[in-house]
Amino acid sequence: MKMTEKTKKKSFQLPHLLFLLIGLMLLMSILTYILPAGEFVETANGTSEYVQVERTPVSPIKMLLYIYDGIANSGFIIALLLTIGGAVEVALHTKAMDRLIDFCLYRLRDKSATVLLPLAFMIMSLLGAFCATDALIAVIPIGVLFAKKLRLDPITAAGISLLATLVGFSTSPTGIYIAQGLMGVQMYSGFGVRMVNMILCSCVGALYVTIYAKRIAKDPSRSAMGNLEWQAELGENIELEERHLDPRDLLITTIFIGQFPVAICLNMSFGLGAAGIPAVLIPMAVVIGLLHGMKINEIGKVFEKGVCGMGFICLIIGLAGGISLVMSNGKILDTIAYYACIPLKNLSSGFAAIGISMVVSLLNFFVPSATAKAAALVPIIKPMADNLGISGQLATQAFQIGDGFCNIISPFLGWTIGGLAIAKVPYQKWVKWAFPLVIIYLLMEYAILVFLGSINWV
């Protein structure tokens, strides 16, 4: 017993997420003094050329000032999170999804984990593929609800919601259109290949989560959470009673889930930008509350509760944004991109495509924005791809792979960090659980890149 206690005391623990991100920001600040400063400039023939510039180091004192800028620049996602927090709280307050899940669990009984978890994963993955936005952080509570009903841990909850949406985003047949445009490839071309790839990756993810969930169901002590404290939130294990489908519960759930693709489609159709999502979510929260029989003031109080619960998550997202600001203002971001791309010049087409993907993966940890990475890297990647005989389509696919899968474990992506906070999964526990799957995905995708390169995919 004494040895066990001693071991526990000596075991390494990562610092709280707040201090982890501040530590990473400090590291980037130090690197601005060490790495050469540089940036890409456009040449007369329209290509980009890397040039070294005067060093502009970001001091630790100045670094702290970027915390505010990071929060201010994250206004888009913060506005989404605050709105989503309120809307989700109203929907959960109705217990409509609880009862609907109970109905499904009763009908499926012993097959619930085998059927419901893969089905939920595939649905979430499709949402991530075709409605990819930070707004999908709103589906995390659905995953939490699923996991609690099945008496599974928070990692399972994040697996069928956060992981699934990120896998869908990483393999989206349509979400790569910006990189395609910059690469000179017809937008939305290669849809069939990417659709098959998305389904394949979604099946792998669903299998990974389901196998883990079944293991936890048999022996909760094998949870990747490392303890059984999560069981305290499950409550008593109540025997399932016969449930009947309530049309009102189905309507509320349909409105709740359907409002996100509707909001995104409206944004795309009318160019509303971020404004369209709160414009849809707040009225729909009122509609959901009224359908449940809530009074207006009650809806307001419940909505307020949900908004308050997002406060710390918003701060964390702002800190992650501050790290990127330190790198860009310290002028080391383009330097890292340039020197990372140099070794690719000596590789064959298939392996060069893998190298491109690795470079994008590296930068993805510091610049989660796909648009920002595309703007920075495509001008470099395109001439390299042309010289190496890599088709624009293959280079675009390499970019997508590098841009997507590392998001699953990125400490700088608001979608990931915010989702884990909602699911109550410690970041270090998530990385330990998800990292093997990320490696599996990358190896799969690298093999696909080599195959597509061998058949000259265009």
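FYI, it's all coordinate maths here, none of it is from the lab. The model shown is predicted, which means the values in this text are computed figures rather than measured ones. Virtual Cβ from ideal backbone geometry, glycine too; neighbours counted across all protein chains shown.
Which Cα, out of 378, 38, 257, lies furthest along the positive dipole direction of the chain (beta carbon charges, K/R +1, D/E -1)?
After comparing all options, I get 257.
Compute the helix-to-body angle for 60-73: its Cα long axis versus the longest principal axis of the chain, expressed 0 to 90° and rounded to tens.
Approximately 60 degrees, to the nearest ten.
With each pseudo-label sitting 7 Å past Cα toward Cβ, what's the residue 196-residue 26 distance in nm, one decimal?
5.1
In degrees from 0 to 90, rounded to the nearest 10, what is the angle of the helix 349-364 Cα long axis to the longest principal axis of the chain?
60
Between residue 440 and residue 304, how high is the FRET efficiency from 1/(1 + (r/R0)^6) when r is the Cβ-Cβ distance and R₀ = 35 Å? Nearest 0.05.
Working: r = 43 Å, r/R0 = 1.22.
About 0.25, to the nearest 0.05.
Which one, 63, 119, 129, is farthest towards the positive end of the dipole of the stretch 45-130 when Lys and Arg carry +1 and Asp and Glu -1 on their Cβ?
119
What is the extension gain from residue 250 to residue 51, computed as 0.36 nm multiplied by their sequence separation minus the C-alpha to C-alpha distance, in nm to one decimal?
65.8 nm
Sort 270, 351 so the one with the fewest other Cβ atoms within 10 Å of its own Cβ comes first.
270, 351
Go through (i) 67, 61, 55; (ii) 70, 51, 51; (iii) 85, 49, 45 and flag the label whose value is the computed Cα extents along the principal axes in Å for this structure.
(ii)
Just how large is the dipole of the chain about the Cα centre, in debye to the nearest 20, putting +1 at every Lys and Arg Cβ and -1 at every Asp and Glu Cβ?
It works out to roughly 1080 debye.
Taking Cα centroids, how far is the stretch 27-92 from the stretch 162-177 in Å?
Distance between centres, Cα-based: 23 Å.
Apply 1/(1 + (r/R0)^6) to the Cβ-Cβ distance of residue 62 and residue 42, taking R0 = 41 Å, and write down the FRET efficiency to the nearest 0.05.
Values: r = 29 Å, r/R0 = 0.70.
For residue 62 and residue 42, the calculated efficiency is 0.90.
Determine the shape class of the stretch 102-221: with a ≥ b ≥ c the square roots of the Cα gyration tensor eigenvalues, call it rounded for a/c under 1.5, and otherwise prolate if a/b is greater than b/c, oblate otherwise.
Numbers: a/c = 2.72, a/b = 2.34, b/c = 1.16.
Judged from the Cα gyration tensor, the stretch 102-221 comes out prolate (a/c at least 1.5, a/b above b/c).
Residues in the stretch 398-429, backbone N under 15 Å from the label point at residue 189 (7 Å along the Cα-to-beta-carbon vector): list them, ranges by number please.
Output list for this probe position: 398.
May I ask you to sort 444, 358 by Cβ crowding, counting other Cβ atoms within 10 Å and putting the fewest first?
444, 358
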